[in-house]
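The values are calculated or read from the model by the stated rules, or taken from the named source; none is laboratory data. These numbers were taken from a predicted model, which means no experiment stands behind them. Neighbour counts are summed over all protein chains in view; Cβ atoms, including those assigned to glycine, are modelled from backbone coordinates with ideal geometry.
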Amino acid sequence: MSGATEHENFASVEEIYQGLLARAPEHRMAPRLDAVQLAVSALGDPHRSAPVVQVTGTNGKTSTARMVESLLLAHDLRVGRYTSPHLERVTERISIDGEPVSDETFVRIYTEIAPYLDLVDRHLEGEGAPRLTYFETLTVLAFAVFADEPVDVMVLEAGIGGSWDATTVADAAVSVVTPVDLDHTDILGDTVEDIAREKAGIVKPGGFLVSSAQQPGAAQVLLERAQELGVPFRFEGVEFSVTARTTAVGGQVITVQGLAGEYPDVMLPLFGAHQAQNAAVAIAAVEALLGGGEKPLNSELVSEGLGAVSSPGRLELARKAPPVVLDAAHNPHGLVASAAAVREAFTFTKLNLVVGVLGDKDVETMMRVLADEYHEFELELWCTASHSPRAVPPAELAEIAVDMGFDEDAVHVAERLDDACSEAIQDAAAREQFDGAVLVTGSITVVGEARALLGL
């Protein structure tokens, strides 16, 4: 691309990242598509360079996107995956064949497109509109990277919502909706039906809808959207499902009845019934993409793809002695699913919770869920915070925790995450019965920082 000379001084990913942060912050996504449409048009429509599998929902988006990616890689396809947010580095959001985009490519492509983004910014400001946001800019960058590689398939995780999410500028060949529940209610609506209506916006004419099992109201909204557009639709529990599941060392063994075939005894190296369900959805999505839902996949390739999948920060076992589990659940629905998986997969008596929550979440309900779901354990809680400016102050979180059912004597305040982790781990390690464990949860930012602290 021409015209990049004035931006040739970009030296590093970090420099670019700081510039992105100076735009509208990630949690303030603009309810618009026109800005992204202007940007991709200026770049020659890189969002149309490969077929798209787009994933939205409230929980399970990232894990499902990773499973779709891994299944496609097993079929010898080159895959670009765009997910958010990142745990440690912004390059994690844009992956090529399962690996974060290289620093060199990230800087090179951004430098090439920066002049065009400037033109779009000036146009938007001339119209009295905000310039491209952080998330919009990263989304456009991802499209440009995928077109440059090029990839055979793009797997795109929506940021928030669906109809106006920046990723929805692309028309998905397969639209995937993971379980819909209450989250981001200030933006998406305060009922499951309203949120489902917003997320249903990813379904496009000529596409194919694959949905997790949903609450009745959400299912009805998605069904009506598919019928309105005349696109095929398949729902977990109706046309496909997990038919068998047993726990195993390092994960679980599942059997999935897909849209066109049965896939028995597949090792999935992730914990929890919810991850098994995500796997079924991913299989159905790939069946829809590669054969219109009419042709079974090769069972060996399914086993290869799911056997290789990972989902950092999603019930991730970071240490074994004592067990330290990291889970990025950040809303009540996610915490309930994680708790069920923890109870199923791990055996211990004492559980030390290290929890940090962002202020735009349903903090009270989250703390009540934690108190209720883990009541059977000898429970101790460290209230802490990530470096996010949106983090609830640890002392305030501790007060809420006590109000929601935690024993006041078992609640600690740690202003620093490293102190909280250290104290919780030391306490668990000191158990003479070797029956203590640590769970770090509550927000993606807390889990990301914990991964760095633990050297992952």
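Please determine whether any residue of region 421-436 is closer than 22 Å to T365 by Cα and touching an Asp or Glu at 6+ places or on another chain (Cβ under 8 Å). Looking for residues that are closer than 22 Å to T365 by Cα and touching an Asp or Glu at 6+ places or on another chain (Cβ under 8 Å), one finds none in region 421-436, hence no. Hey, any hits in region 236-258 for a residue that's exposed (fewer than 14 other Cβ atoms within 10 Å of the Cβ), on the phi < 0 side of the Ramachandran plot and in a helix (DSSP H, G or I)? No - not one qualifying residue is present in region 236-258. Set side by side, the residues P232, P269 differ, and just one is surrounded by fewer than 21 Cβ atoms within 10 Å (Cβ to Cβ), closer than 30 Å to R451 by Cβ, outside the structural domain of V447 (by TED's automatic domain parsing) and not acidic (D, E), which is P269.
Being in a loop (DSSP other than H, G, I, E, B), modelled with pLDDT of 95 or more and either not basic (K, R) or not assigned by TED's automatic domain parsing to the domain that holds S70 (or both) is the filter here, so list the residues in region 272-296 that pass it. Passing the criteria: G292, G293, E294, P296.
Looking across region 338-373, the residues that are surrounded by 22 or more Cβ atoms within 10 Å (Cβ to Cβ), aliphatic (A, V, I, L, M) and under 18 Å from the mean Cα position of the chain (by Cα) come down to A341, V357. Determine, yes or no, whether T83 is under 18 Å from S310 (Cα atoms), polar (S, T, N, Q) and at pLDDT 95 or above. For T83, the condition - under 18 Å from S310 (Cα atoms), polar (S, T, N, Q) and at pLDDT 95 or above - is met.
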